[in-house]
Every structure is written in C-alpha cells, then in structure tokens.
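The values are calculated or read from the model by the stated rules, or taken from the named source; none is laboratory data. Since this is a predicted model, take the numbers as computed values, not measurements. Positions of Cβ are generated from backbone atoms using ideal geometry, with glycine treated the same way; all protein chains shown enter the neighbour counts. Just so you know, the surface numbers come from the protein's heavy atoms only, side chains and all, with ligands and any DNA or RNA stripped out. Shrake-Rupley method; radii C 1.70, N 1.55, O 1.52, S 1.80 Å.
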Amino acid sequence: MTMAEPANPDVVIIGGGLVGLATAWRTARRGLSVTLCDPAPGAHASFAAAGMLTPVTELHYGEEPLLELNLASARRYPEFVTELREASGGADPGYRECGTLAVAFDPDDRAVLLELHAFQRSLDLEAEWLTGSEARKLEPMLAPGIRGGLLVEGDHQVDNRMLLAALFAALAREPRLAIVRTKVAELTVAGGRATGVVLDDGGRIAAGQVVLSAGCWSGQVRGIPPEALPPVRPVKGQILRLAVPDVYKPLLTHTVRGVVRSNHAYLVPRAHGELVLGATTEEQDYDTTVTAGGVYELLRDARALVPGITELPLVETRAALRPGSPDNAPLIGPTAVPGLLVATGHYRHGVLLTPATADAMAEILATGEVPDAVKPFDPRRFRK
Ligand code: GLY
C-alpha cells in the first residue's frame, strides 16, 4: 500500500471503504493526485458485506430512480473488475456470475414474492417464476417445503473482501495516490470553500477538492458547514460466515434469498466455499454488538431455507453499520460548499454501487460535470 507524507494533493478523500477506495483509484487514473485518509481502510461495512449484486431481486417500491443506477452499476461490473485486475497486477476481484434465486417459505411469503415478480415485470425486468420443485431442481439443498420462487439470472455477486484486496493492490501501484492511515479530525474551510483537512495527529493536508466518503460517520467530521452536512445514519446489520467443507461442496450454486415468515434472509455462496448469511436490519445508533438474538434469527431463517447449513462450521459473526439516508438512496456529488463533495448514504447497495459511484465521482472531480446517471442523487436534495 502506498504510504506518503501528506503533500498537497488535488483531492483528499475522507474514508476508505469500497466507495472511497474505488473513487481514489478512478480519480487517480484521470490524472489527479489523491490522498485518502482512513485509520483502518476497508475495515467496516465494506468488509462485513455479503457482496450481492442484486438490483432486480432487491427491488423496492418507490425506488425506480435508484433501480436505474443499480442496474447501470451491475452492468458496469464485468468491465470494472477486468480493469481492476489489470491495474492491480493480476489480483482476482472475486466477481462471480452466479444468478440469484429468491424463494418463499410459506404461502404468505409466496404472496410477497409474487407481488415482487409482478412489480419486476411491470418494469420489464428479467425474472422467472419457478415452482417449489423447479427451485429445488436448481438448488437441491433447499428445504422440501419451499413454496416457489423467482430466478433472476442477471443478479450476481462479488466477494467484497477480494474486491478490497484488489483495490488495495491497484492503489499501491498508482503513483498519484497516497493512503494516510490517520483519522481526519476536521475539514478546513476558508472563504466559504473547502480547503483540506486536519488530521488527528495535527497534520494538515491542503487540497483543491475534498470528498466525504466515511459511510455512516460522514456527518461527524468537525468543521463541515451545517448546509453541507450529509444526513446519514447507521443501520446495523449482523452477518454470519459459515465454512462449507469439501464434502458438502457446492452446497449452493446461486445466491439464495428467501422470505421466511415475512423476514428477509440471504445465503451467498463463495467460489472458495464460504457461505455468507445475512443480515439483520436494526436502528441501534452506532452499536456493533453481535447479539444472541441476531445470530439466532439469522440461523433460524437460513435453516428454514437450507436445512443442511446446521452441519457447517460457523466461522465468523460480525455486525457493521450501513450508511442510511432519509430516502434510502445515496448522496453523490457536490455539496452546498464549493470544493466539498460527498459519496455516501449507499445503505444496502454500497458494494453494488461502487463502480457507478467511483466513475461518477472521478468524472465530477476531473471535469466539474455531474453525469446524468447520478443527478437524482444530488446531496443537496434534502435541503429545505
Ligand atoms: N444488501 C444487503 C444488506 O444490506 O444486508
């Protein structure tokens, strides 16, 4: 990883989750010098995530503008990971075209998925309804009582930890890029314009533009003028990882999402054998305790869908904080303060939206022009 003394780069990025790291990479490739500040880059929600790239199966009413961006980012993934593999000197970013099967546990859950299917069809999205036995033919480890489901062949996954590693490798090869593993204490503003940051250790970095991409902590940097404060909040998710021993491989070949007595659950099978089970959705402020109740509910619902998971070693329990915004959509672009930009609030779609966000941010930073695709996600939209 590149470590450098804080110089005076063109751009300072506050926060090294996937969005910050990818923005740094794309921006440096546009010829700008970039310093990214984070005491523990890649350690929070980006590391915990399941990495589902599922714009069609995670569709919600009222989120049609977001759907467009989600689909665009999903389409961009194959090229993005190819470029990243090259830029990193051959690191595998863990992209996997596995398709997604969303299944129903009981008749009420079936009604939920049928409604989702009707909504998907009304938007011309590709999704095929399967009976329970058709679903089990695709995934024989599904519970015998499964009431049918939706096959979305275009919804895939990326191993977010491999993606992080590939990004770190690419950044380490980028001469215009420095990572400073120190917390930003304060944004500096002069004459109404963002001018840089002060670090926790007292160091100062002056920059032409500053990007705030610190996830749910993005509103907590001192010195942000009130009119530019991003309205993000933490939404806790507990998530588990099981190991699939060779004798059980492949336990699943698709990502399996499920509605289980109205709860939503997912099981994401990695190529190397890990099975990711998620996730709770809790409004618990900045708490990241893994609770007995959270683990119980996740295992209960996953077992209802795939009973065989009870045989697998439970190798990791974790809780992390999604950056939620008031309309569940991201904040991407300039703020009310010249020189201060935001890329946060990605809520449930941070991994999915990494390529689209990073490309858009690099374009804005390099040219000042906001691409049409991210105009609906203007950070200033919440101002009265
Ligand atoms: N997108 C999955 C989650 O947020 O749990």
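Listed values, structure above:
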{"item": "Members of segment 313-333 found to be surrounded by 19 or more Cβ atoms within 10 Å (Cβ to Cβ) and away from the ligand (no atom under 15 Å from the Cβ), listed by number", "result": "LEU331, ILE332, GLY333"}
{"item": "Residues of segment 32-60 satisfying the condition of being open to solvent by 40 Å² or more (accessible area, probe 1.4 Å) and out of contact with any helix residue (DSSP H, G or I) (no Cβ under 7 Å at 6 or more places or on another chain)", "result": "PRO39, ALA43, HIS60"}
{"item": "Residues of segment 176-201 satisfying the condition of being exposed (fewer than 14 other Cβ atoms within 10 Å of the Cβ), over 20 Å from PRO39 (Cβ atoms) and either among the aromatic types (Phe, Trp, Tyr) or in contact (Cβ under 8 Å) with a residue 12 or more places away in the chain (or both)", "result": "GLY192"}
{"item": "Subset of segment 254-290 [in contact with a helix residue (DSSP H, G or I) (Cβ under 6 Å, 6 or more places away or on another chain) and surrounded by fewer than 19 Cβ atoms within 10 Å (Cβ to Cβ)]", "result": "ASN263"}
{"item": "Flag if ASP359 is within 29 Å of VAL197 (Cβ to Cβ) and of a type in the set (Asp, Glu)", "result": "yes"}
{"item": "Failed item in (1) open to solvent by less than 50 Å² (accessible area, probe 1.4 Å); (2) touching a helix residue (DSSP H, G or I) at 6+ places or on another chain (Cβ under 9 Å), with ASP109 passing the rest", "result": "(2)"}
{"item": "Failed item, numbered, when TYR95 is tested on (1) over 24 Å from ALA360 (Cα atoms); (2) surrounded by 13 or more Cβ atoms within 10 Å (Cβ to Cβ)", "result": "(1)"}
{"item": "Output for segment 84-127, where each listed residue is outside any helix (DSSP H, G or I) and among the β-branched types (Val, Ile, Thr)", "result": "THR100, VAL103"}
{"item": "Residues of segment 236-267 satisfying the condition of being of a type outside the set (A, V, I, L, M, F, W, C), within 16 Å of the ligand (Cβ to nearest atom) and farther than 20 Å from PHE105 by Cα", "result": "LYS236, GLY237, GLN238, ARG241"}
